[in-house]
Amino acid sequence: MGSVLLRTRSGILMIVAIAVIAAVIIGIALQQFAPTTPGKVRLVYATAGDINMLALIQNVIAPEFTKRYPNVEIASIHTGPGEPGSRIIFEKLKAARDAGKECWDVDVAVVHQIFMSWALKEGLLLNYSTSIPTWKYVVSEDAYNALGTYIKGFGIPLFHSQIAIAYNTKYVQNPPRSYDELVKWVEANPKKFGHNGIRGGMSGVGFVVGWVYWKTGMYDTLARGPYNEALKDAITKALEELKVFNEKVVITAGNVGTLDMLAREEIWMGPVWVDMFMTWLAEGRMPPHIKLTLLAPGLPGQPMYLVIPAKACNVEWAKKLIEFISSPETQAKVIVEKYNWYPGIDPNVVLPHVSEEAKARLFSIPPEDLQRYGKSFPVSQYFTDILKLYEKVVG
């Protein structure tokens, strides 16, 4: 009887052990696909940027992701264009940190470069990016350095975009090829060039930064550092000359305002984001005879970053969403083909998935011009100086 009972107990223990091992194996196999919490998962996605950034998540990314993972709901928050949009996200995370919340109510955020220095100084971001599979496709310098701040691990570029000069070929057959030529053109064609200064979007900010690069001749220092407060004098002088230039141009209402005035031919030239311009062109909102060019010595471009707050409520699902967005397939079909951005990851793994038509659109500005005249924004301290001095000097 005792031996039978012993054998029975041994058998039960063996069955339990096998069941436990099987459960572990199955758990490991399904870990990539299973939700980290039972039932419905609500991911909160906050994005700075223009209205197209809201459309990206609401109309494209969220439907595709939730089709794969029906238990996930994505709630989107749009905070607006330019530095103020990223500032709102920063303040929201900082307030959650200061309130001592264990779980902050943003899981994924899309932010500008300047945000990264603010957030890292305050310890607001999770070091996550090197742990997800698509990190192996991240090759750009912007994934390591954002305006002078070392950011490896804290973000993956969603895309890279470029500011260019749009011009109406009906009225401008030979567009200016440099800032110097642009000044002469504006003298001959007052109020036919427009930009938005530093309000309402980064296309105008980029034009202002390019002007400062031109007038100071200090691109390498301003874009790479180190910071020298004494350079404020040179920046001020450059902006004093921009104030004079602005007297003969139109100050538009923002990124969209410049595009709208170009489309209605109220202005004949102005700085635009390449992706926004291409989207308007594809939608028939921009006349096909309006083209793009770059000015020497250059105009800046920038990425926007996918980041995870330090105490996001759904970290594993946030990683999974970013992995989906930064995959070569999504980058090709959504980032390049649908939104006309340059990919945030290695173009060599993206372009094989891109149509020939989309490739032609993407490189309507010759690649050699992009390489030569596509610049970075200044390091954060110089960038802040330029913005503050613009308000003081130009108004």
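The values are calculated or read from the model by the stated rules, or taken from the named source; none is laboratory data. None of these values were measured; they are calculated from a predicted model. FYI the Cβ positions are ideal-geometry reconstructions off the backbone, even for glycines, and counts take in every protein chain you see.
Points worth noting:
- Residue among VAL205, VAL183 that alone is surrounded by 23 or more Cβ atoms within 10 Å (Cβ to Cβ), under 20 Å from LYS243 (Cβ atoms), in contact with a helix residue (DSSP H, G or I) (Cβ under 9 Å, 6 or more places away or on another chain) and among the β-branched types (Val, Ile, Thr): VAL205
- Single condition THR384 does not satisfy, out of (1) of a type in the set (Ser, Thr, Tyr); (2) more than 19 Å from the chain's Cα centre (by Cα); (3) surrounded by fewer than 20 Cβ atoms within 10 Å (Cβ to Cβ); (4) under 20 Å from ASP142 (Cα atoms): (2)
- Beta carbons closer than 9 Å, at least 6 apart along the sequence or on distinct chains, pair a first residue in the range 80-96 that is under 12 Å from PRO309 (Cα atoms) with a second that is in a helix (DSSP H, G or I) and of a type in the set (A, V, I, L, M, F, W, C) for ILE89/PHE115; ILE89/ALA119; PHE90/PHE115; PHE90/TRP118; PHE90/ALA119; LEU93/ALA119; LYS94/TRP118; LYS94/ALA119.
For every residue, the table says whether it meets (1) more than 25 Å from VAL106 (Cβ to Cβ); (2) part of a strand (DSSP E or B).
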| site | (1), (2) |
| --- | --- |
| THR130 | no, no |
| ASP142 | no, no |
| GLY153 | no, no |
| PHE159 | no, yes |
| ALA164 | yes, yes |
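- Among the helices (runs of 4 or more DSSP H) confined to the range 178-250, the ones with at least 2 residues that are touching a Leu at 6+ places or on another chain (Cβ under 7 Å) and either under 20 Å from GLN113 (Cβ atoms) or of a type in the set (S, T, N, Q) (or both) are located at 202-216, 232-246.
- Residues that are touching a strand residue (DSSP E or B) at 6+ places or on another chain (Cβ under 8 Å) and not in a helix (DSSP H, G or I) within the range 75-102 comprise ALA75, SER76, ILE77, HIS78, THR79, GLY80, PRO81, listed in sequence order.
- The residues of the range 60-74 that are more than 30 Å from SER380 (Cβ to Cβ) and not hydroxyl-bearing (Ser, Thr, Tyr), listed by number, are VAL60, ALA62, PRO63, GLU64, PHE65, LYS67, ARG68, PRO70, ASN71, VAL72, GLU73, ILE74.
- Close contacts from the range 304-322, counting a first residue that is assigned by TED's automatic domain parsing to the domain that holds PHE65 and surrounded by fewer than 19 Cβ atoms within 10 Å (Cβ to Cβ) and a second that is in a helix (DSSP H, G or I) and not basic (Lys, Arg), with Cβ to Cβ under 8 Å and a gap of 6+ residues or different chains, come to LYS311/ALA96.
- Those residues of the range 166-177 which are in a strand (DSSP E or B) and surrounded by fewer than 23 Cβ atoms within 10 Å (Cβ to Cβ), in sequence order: ASN168
- Qualifying residue in the range 60-70 (condition: under 16 Å from the mean Cα position of the chain (by Cα), over 21 Å from LEU321 (Cα atoms), among the β-branched types (Val, Ile, Thr) and not in a loop (DSSP other than H, G, I, E, B)): no
- Residue check, GLU102 more than 11 Å from VAL44 (Cα to Cα), surrounded by fewer than 17 Cβ atoms within 10 Å (Cβ to Cβ) and touching a residue at least 12 places away in the same chain (Cβ under 8 Å): yes
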